[in-house]
Amino acid sequence: MGFWGSYVVCRSETSLDDLQAVIERHDGVDEHEHRPGGWQIGRYPGPELADEGPAMLAELAEETGAPTLTGFVLDSDTVFVEGYSSTGGHWRACLAREAAEAYCEDDDEDFDARFLLSEPAAQAAAGWAREAGLTPDPPGLLATFAEEDSDFAEGLFFRLLDQLGI
């Protein structure tokens, strides 16, 4: 059985455990990674943060003063990625798209309308990164959003973070 839960990515001097936008929605981080430039990545088990994405991202961006990103992992098969920045607004895409579609096949919503296709997703992600003051790898982003074969979707998410410049 794979991981079910969310990754929260933000730039802040305040620890994720102390940011109101996160702690109001979850009991606590089970893994925490610091990256250069003040970036933090927290792993939160369970589904609590998945439905809170847009609201939490906007609140977290306001609280930290920087663009924010989440990745909701479903059984290590796929990742629903959401980003928010004050200029670019909210965007949503997925990694391992075929697996994501399989998880959503019983939904009554148009999957392609909910989740950006690979090329627009890569463009949105690159814009998000530039607004965050990062140097993205647009061809790498496109390849990651188009990738279908992965043993663990979390690996795709961390590849995405690298290609965003985090």
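The values are calculated or read from the model by the stated rules, or taken from the named source; none is laboratory data. All values derive from a computational prediction rather than experimental measurement. Every residue, glycine among them, receives a Cβ derived from its backbone with ideal geometry; neighbour counts consider all protein chains shown.
For the subset of the range 111-166 comprising residues that are more than 13 Å from the chain's Cα centre (by Cα) and among the basic types (Lys, Arg), which member is surrounded by the most Cβ atoms within 10 Å (Cβ to Cβ)?
ARG130
Considering only residues that are surrounded by 12 or more Cβ atoms within 10 Å (Cβ to Cβ), farther than 25 Å from ASP75 by Cβ and more than 17 Å from the chain's Cα centre (by Cα), which ones fall in the range 1-16?
THR14, SER15
Restricting to the range 119-166, give me the number of residues that are of a type in the set (A, V, I, L, M, F, W, C), over 22 Å from LEU57 (Cα atoms) and free of Cβ contacts under 8 Å to residues at least 60 places away in the same chain.
Adding up the residues that qualify gives 3.
Taking the range 151-166, which residues are among the aliphatic types (A, V, I, L, M) and assigned to a loop (DSSP other than H, G, I, E, B)?
ILE166
Give the residues of the range 106-158 that are aromatic (Phe, Trp, Tyr) and either modelled with pLDDT under 95 or over 17 Å from TYR7 (Cβ atoms) (or both), sorted by residue number.
PHE111, PHE115, PHE152
From the residues in the range 62-88 that are charged (D, E, K, R) and farther than 17 Å from GLU24 by Cα, which one is surrounded by the fewest Cβ atoms within 10 Å (Cβ to Cβ)?
Looking at the filtered set, the residue picked out is ASP75.
Could you list all residues from the range 35-61 that are surrounded by fewer than 18 Cβ atoms within 10 Å (Cβ to Cβ), modelled with pLDDT of 85 or more and of a type outside the set (Lys, Arg)?
Once the filter is applied, which keeps residues that are surrounded by fewer than 18 Cβ atoms within 10 Å (Cβ to Cβ), modelled with pLDDT of 85 or more and of a type outside the set (Lys, Arg), the range 35-61 yields PRO36, GLY37, GLY38, PRO45, GLY46, PRO54, ALA55, ALA58.
Can you tell me which residue is surrounded by the fewest Cβ atoms within 10 Å (Cβ to Cβ) among those in the range 90-110 that are of a type outside the set (A, V, I, L, M) and not in a loop (DSSP other than H, G, I, E, B)?
The extreme case among them is GLU98.
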